[in-house]
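Asks: Dumping the structure here so I can ask a few things about it.
Each reported figure results from applying straightforward, stated rules to the coordinates on display, with no laboratory input. Keep in mind that what you see is a predicted model, and the values were worked out from it rather than measured. Cβ: placed from backbone, ideal geometry, glycine included. Neighbour counts: every protein chain shown.
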C-alpha cells in the first residue's frame, strides 16, 4: 500500500482496487487507506520534544503488537 500512496494513490484508487476484487469497505484497502491517510488519520500533538496521541491509540497499539514500528500520522500544534 505504501508504495502506491507514495506514487500518489488516494482513496478512490483503493476503492477501485477493492471493487475489482469484490472486497467490501469493511475489509478493504480503502478502509485501511482512510484509517492511516484519510480524514481519520492518526493525529499527534507536539508538546515540546514529545508527542501526545490525539486520535489513533488503538491503531498504534495494534501496530506495536504486530511489530510495525513506523506508521503515518499527522502532527499538529496543541490547541
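Asks: Rounded to the nearest 10 degrees, what's the angle between the helix 11-21 long axis and the longest principal axis of the chain, both from Cα atoms, 0 to 90?
Replies: Taking Cα atoms only, the helix is inclined about 40 degrees.
Asks: Also, quick follow-up: Out of every Cα-Cα pair in the stretch 1-40, what percent are more than 16 Å apart? Show your work: numbers first, answer last.
Replies: Details: 194 of 780 pairs.
For the stretch 1-40, the fraction of Cα-Cα distances above 16 Å is 25 percent.
Asks: Oh, and also: For a footprinting-style exposure proxy, rank 24, 18, 40 by other Cβ within 10 Å, fewest first. Don't skip to the answer; put the middle values down first.
Replies: Values: 24 10, 18 18, 40 13.
Ranking 24, 18, 40 by Cβ neighbours within 10 Å, fewest first, gives 24, 40, 18.
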